[in-house]
Amino acid sequence: MTAEAAQHVCRQPRLRISGVWKAYGRRQLLRGADLDVPAGTLVGVVGENGAGKSTLLRIAMGHLAPDRGTVERTGKAGYCPQHAVLNDSFTVMQHLRLFQAAYRLPTLARAHELMDLLAFTDSGRQRAGELSGGTRQKLNLLLALMHDPQLLVLDEPYQGFDWDTHQRFWSLAARLRDQGRSIVVVSHLLHDLHHFDAVGHLRDGRLDMERTTR
Amino acid sequence: MTYRPSAYTEMLRCTLLGHLRSRMAVLLAVVFIPAWIMVARLCAPDRTLRFSLESAGTDVLAPANHVSQVVNALAAVTLVTGFSMFMETFKAGETDRRLVLAGYPKLRMLLAKVTAVALVTALIAVYTMAVLAVSLPVGRLGPLALAVFSAGLAYGGIGLLLGSLVRGELEGFFLVIMLSLVDTGLQNPVLNVADLTGLSALPLYGACQFALAAAFTSSTPWSHGLLSLAWSAATSALALLAFHVRTRPHCRIAPEMLAGTPHT
């Protein structure tokens with residue numbers, strides 16, 4: 001494959017959302033939203049509360065059916081929901097082993113690396129119901145990352161993180177992007193916008209894309 | 001670490017531990033079952049009761065107090081298994097959906113949950129039989145234990161189904177309690193509604209007929225025990241169907257990179 005062809009493949013989208021419409025009852029939330037996320041890009045999705053950011057991401061992951069429009073994605077995907085989806089009766093290690101089985105991973109080496117990076121290695125034996133809000137969110141994020149997916153869809157993944165962990169998250173996101181992963185992050189923090197290669201503003205049910213000067 | 005867990009055994013292990021960690025369910029099992037049997041022992045009359053038992057094909061004579069103890073034992077077991085299976089399935093619902101969408105095999109997940117229902121119900125049945133054996137002069141403990149087990153299985157399956165279907169915790173509680181109360185009330189020969197039509201369509205019918213025959217006659221109507229197993233199998237299959245519908249992906253996952261051309 002020539003360098004030009006390799007670059008072309010690299011820019012092909014891992015996730016393509018085309019003309020997606022979604023209503024809840026009479027409330028029309030999405031009105032033809034489009035989004036292409038190529039390999040090696042970190043894309044932000046911003047918008048007011050209730051604009052439909054989480055709905056768009058759930059549709060992107062196939063958890064929710066759009067009323068109209070299509071979603072196509074390729075490769076392994078990892079999804080971090082806005083609210084930590086964990087079983088309060090299970091320990092952190094039980095979560096890791098269950099998701100190891102789901103992702104069919106031979107080892108938990110990467111999960112342990114991520115635990116170390118996110119600074120919660122001591123919580124392995126604790127039940128999810130006993131974890132602090134920030135640590136629950138770390139586990140929630142880790143479950144989306146532990147299989148090293150090519151596409152990452154993260155819905156406000158750093159809620160409850162302390163400043164150090166927040167910074168480490170963005171370093172990790174940048175490293176993954178540089179390794180060719182595609183990342184979509186819902187954010188509402190203005191000071192995070194400089195991390196993105198492009199930002200999609202969700203307004204009136206459509207995404208207005210804007211490239212940033214990172 | 002090179003150990004790769006099997007989807008079935010890991011889910012079974014976690015689900016069993018989850019049941020044991022549910023203080024409310026354990027408390028219900030340990031306290032409510034003997035308490036409910038004791039209520040029948042203390043409150044039900046000692047008079048001899050004659051009732052028609054379809055599974056034995058004959059009329060049966062037995063002390064109303066003893067009949068009430070057996071029926072109350074079944075009622076307590078159905079409430080405990082129905083409640084605990086509902087709670088476990090309901091609480092795990094969102095995480096289970098996340099696991100399945102991440103690639104966890106659905107069938108193995110549900111089989112592990114059904115196995116957990118069977119193991120927990122077996123444990124509850126043994127405990128209930130120990131209490132009944134102290135309280136009642138029962139000669140044939142084995143068949144009665146199987147009847148208690150099959151009653152628990154039927155309601156364990158119902159708990160599993162409700163846990164996969166209903167949206168609210170209270171709805172599930174109410175449905176489990178209401179169904180168990182109505183079912184055990186109608187099946188109880190002391191209340192004399194044995195000739196009510198449609199009684200055999202209720203989940204406890206088979207187990208109750210099996211239990212009463214085992215406790216008060218010399219017959220062992222296995223087919224009636226199988227009725228409860230059929231209920232358990234049917235509710236588990238429906239739970240799998242509900243789970244399957246709620247976890248199907250709604251987007252196209254392409255094996256290759258997407259084409260760079262605009263999409264319509």
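May I ask for the angle, rounded to the nearest 10°, between helix B:205-216 and the longest principal axis of chain B, with both axes built from Cα atoms and the value confined to 0 to 90°? That works out to roughly 40 degrees. Length gained on full extension, residue A:193 to residue A:49: 50.2 nm, using 0.36 nm per residue less the C-alpha separation. Normalising the average separation of contacting C-alpha pairs (under 8 angstrom, six or more residues apart) by the number of residues puts the relative contact order of chain A at 30 percent. Decide, for region A:1-125, between rounded, prolate and oblate: order the square roots of the alpha carbon gyration tensor eigenvalues as a ≥ b ≥ c, take rounded if a/c falls under 1.5, and otherwise choose prolate if a/b is larger than b/c, else oblate. Taking the square roots of the gyration eigenvalues as a ≥ b ≥ c, region A:1-125 is oblate.
Could you tell me which trypsin sites (Lys or Arg not before Pro) in region A:110-174 are loop residues by DSSP with no more than 10 other beta carbons within 10 angstrom of their beta carbon? Intermediate values should be presented prior to the final figure.
Numbers: sites: A:110, A:125, A:127, A:136, A:138, A:168; in loops: A:125.
Counting only loop positions with at most 10 other Cβ atoms within 10 Å, the trypsin sites (Lys or Arg not before Pro) in region A:110-174 are A:125.
Per Stokes-Einstein, at 10 °C and 1.306 mPa s, what whole-number D in µm² s⁻¹ belongs to region B:1-123, with the Kirkwood radius over Cα pairs as the hydrodynamic radius? Don't jump to the answer; show the numbers that get you there.
On the way: Rh = 17.1 Å.
For the chosen part, D equals 93 µm²/s.
Within the protein assembly as shown, antiparallel bridges make up roughly 55 percent of the DSSP beta bridges whose residues both belong there. How much mean residue ellipticity at 222 nm does chain A get from its helices, if each DSSP H run of length 4 or more adds -39500 (n - 2.57) and you divide by all residues, to the nearest 500 deg cm²/dmol? About -9500 deg cm²/dmol. Site pair residue B:94 and residue B:200 shows an inter-label distance of 4.5 nm when each label is modelled 7 Å from Cα along Cα→Cβ.
Computed on region A:86-148, with alpha-carbon pairs under 8 angstrom and 6+ residues apart, the relative contact order is 49 percent.
Shielding value for A:73-79 is 4, the average number of Cβ atoms from other chains within 10 Å of each residue's Cβ.
Modelled this way, with points 7 Å down the Cα-to-C-beta line, the labels at residue A:119 and residue B:24 are 3.6 nm from one another. Expressed in units of 2.2 N^0.38 Å, where N is the residue count, the Cα radius of gyration of chain A is 1.02.
What is the mean number of Cβ atoms from other protein chains located within 10 Å of the Cβ atom of each residue in peptide A:135-146, rounded to a whole number?
On the way: counts 0, 0, 0, 0, 0, 1, 0, 0, 4, 2, 0, 1.
Neighbouring Cβ atoms belonging to other protein chains average 1 per residue here.
Two decimals is fine: what is log10 I(q)/I(0) at q = 0.07 Å⁻¹ for the protein assembly as shown, from a Debye sum with one equal scatterer on every Cα and no solvent? These q points yield log10 I(q)/I(0) values of -0.48.
Local charge sum around residue A:20 (other residues, Cβ-Cβ under 10 Å, Lys/Arg +1, Asp/Glu -1)?
+2
Can you tell me what percent of all Cα-Cα pairs in region A:86-148 are more than 17 Å apart? Walk me through the intermediate numbers first.
Details: 558 of 1953 pairs.
Result for the distance tail: 29 percent.
Counted by neighbouring Cβ atoms within 10 Å, the residues B:222, B:231, A:163 run from fewest to most as A:163, B:222, B:231. For residue B:113, the lysines whose Cα comes closer than 17 Å to its Cα, not counting residues fewer than 8 places off in the same chain, are B:91.
All of the numbers you see were taken from the coordinates with simple rules; none came from a lab. Keep in mind the model is a prediction, meaning the values are calculated, not measured. Every residue, glycine among them, receives a Cβ derived from its backbone with ideal geometry; neighbour counts consider all protein chains shown.
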